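See below for the structure under consideration.
The values are calculated or read from the model by the stated rules, or taken from the named source; none is laboratory data. What you are looking at is a predicted structure, and each value in this text was computed from that prediction instead of being measured. Cβ coordinates were reconstructed from backbone atoms using ideal geometry, including for glycine residues, and neighbour counts include every protein chain displayed.
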Amino acid sequence: MQAEFALPAGSQWLPSTHDRSTSPPHRADDWVNALEVLQRIIERHDLQDETFTLVSHRTSIGWRLRHPTAEDRIERLSSTEAAADDRRPRGARVQGRSLVRFGMRDLDGYRSHPDHVVSISSRLGGARQRGHLALMDLHLDEFVPPDRLRGAIRALCEERAAWLLRTDRHYHVYGDFLLDQDEWMRWNVRFQMSLALADARYVGHSLLWGCNLLRLNAGALHQIRVPSTQPEATAAPPGPLATAAVQLAQRRHTRQLRRGGGLVVEHLREVAEQAVAIHAECAARGIGLDDVTAEQVYACGYLHDCLEDTNTDFEDVVRVAGARVAYLVGQVSMDKRLPMRARRAAYNRQLARASLAARIVKLADLLSNLRGLTGQEGRHWILRYLRQVESHQRLIRRQLVGTSAYNEARDLIHRWRVTLRQSVR
């Protein structure tokens, strides 16, 4: 059966439109990481005798966050950091037949420092000199509807098959095809000319170095998520209420970015889907939900930030999603008319009294935020945020302790505390 390419979730395989018989090299519901995708490309294109380059390099806070203004970026042109841009990264050579047997632990042996990540170079070596792998780092500055993003990737891949992998903030493209040198130059230029999908600095570095780099594993503090496909997303509960809520959220949050650089709309989708999963788990355990439907919980998940972070009014939510959903959104929203200290105290009292459905959405929000931490937010900010999450978890724990989401949030808090302790040693 042919897999459907779905964004931003789902098994991220984009079949070729030239050959409709093309089937994914894995089951559509498989979870596949970047190393496994690379191994499948090696096998599918008989690259066992080619030489690949693994590059160990440090990770850091995103360049845009380090240099937020035009003046900062111009001043950097004369710095030693700018001079380093011209130097092609050096790496270790590995034969394709060895690489196909690697596991994630094998990549650790190629880190030149514990805080480094290991990336694959697009440039191929070996006797046949086959050119380049088709690799690209996508960097979306605003929400792009899934159908349009699918169409853009298909066009830039010239209707050939590809994988799309999720990273901490964005996506990596792995084409299921090879490029010669001229095609590789055109590949980079076309992505750059879109002015919407690829970061100018990434493409610039690629052209300077003569290769694209995409990381295969995770860093200790920054870029802590292994690039991978995702399991099929929980489908949106059918109905006009959910559709209207999604459309309102997308309009109001379109250009908003999270602290770590990801799109706010992606966070809203994750909260909505996670809230539906928690709702289903509670129902399976016989916990009463006060007749709040999965569709209403989903709508609240998408709209939970609209009163706090946009110019949306309570009446707007009532008009689009109904009074029940608006009431749920109100329960998980801070009253920004109050001074900060009074606002936080009022919000904590509000969470403690919130209905189970509202607390489900809040738990989904906490979990999504924890999953979305990248390390780029800064050590002190993360520690302060973890304390806040633990406080909120205690307030909403009634009937939710022991759920999968509650346990995962607790485990993520512990992991981040360990990671941050190790980072200062």
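Restricted to segment 408-425, and to residues there that are surrounded by 12 or more Cβ atoms within 10 Å (Cβ to Cβ) and over 19 Å from the mean Cα position of the chain (by Cα), the residue that is modelled with the lowest pLDDT is Ser423. Restricting segment 369-425 to residues that are aliphatic (A, V, I, L, M) and outside any helix (DSSP H, G or I), which is nearest to Ala218 (Cα to Cα)? Top of the filtered list is Leu373. Of Ala345, Ala364, all but one fail to be at pLDDT below 95 and assigned to a helix (DSSP H, G or I); the exception is Ala345. Whether a residue is surrounded by fewer than 20 Cβ atoms within 10 Å (Cβ to Cβ), aliphatic (A, V, I, L, M) and modelled with pLDDT of 90 or more was assessed, and Ala84 does not pass this test.
Scanning segment 189-200 for residues being in contact (Cβ under 8 Å) with a residue 40 or more places away in the chain and surrounded by 15 or more Cβ atoms within 10 Å (Cβ to Cβ) gives a total of 5. Yes or no: segment 209-218 includes at least one residue that is modelled with pLDDT of 90 or more and touching a Pro at 6+ places or on another chain (Cβ under 6 Å). Scanning segment 209-218 turns up no residue that is modelled with pLDDT of 90 or more and touching a Pro at 6+ places or on another chain (Cβ under 6 Å).
For segment 289-298, the tally of residues that are in contact with a Ser or Thr (Cβ under 8 Å, 6 or more places away or on another chain) and at pLDDT below 90 stands at 1. When segment 324-342 is filtered for residues that are assigned to a helix (DSSP H, G or I) and touching a helix residue (DSSP H, G or I) at 6+ places or on another chain (Cβ under 9 Å), the ones remaining, listed by number, are Arg324, Val325, Ala326, Tyr327, Leu328, Val329, Gly330, Gln331. Please verify whether segment 99-119 includes one or more residues that are at pLDDT 95 or above and assigned to a helix (DSSP H, G or I). Checked against the condition, which is being at pLDDT 95 or above and assigned to a helix (DSSP H, G or I), segment 99-119 yields at least one hit. So, of the residues in segment 367-381 that are modelled with pLDDT of 90 or more and among the aliphatic types (A, V, I, L, M), which turns out to be surrounded by the fewest Cβ atoms within 10 Å (Cβ to Cβ)? So, considering only residues that are modelled with pLDDT of 90 or more and among the aliphatic types (A, V, I, L, M), the one surrounded by the fewest Cβ atoms within 10 Å (Cβ to Cβ) is Leu370. If the requirement is being buried (at least 18 other Cβ atoms within 10 Å of the Cβ), in the same structural domain as Arg251 (by TED's automatic domain parsing), under 30 Å from Gly402 (Cβ atoms) and free of Cβ contacts under 8 Å to residues at least 40 places away in the same chain, which of these qualifies: Val297, Val329, Val292? Just a single option satisfies the conditions, and that option is Val329. Of Gly286, Gly301, which residue is at pLDDT 95 or above and among the small types (Gly, Ala, Ser)? Being at pLDDT 95 or above and among the small types (Gly, Ala, Ser) holds for just one of Gly286, Gly301, which is Gly301.
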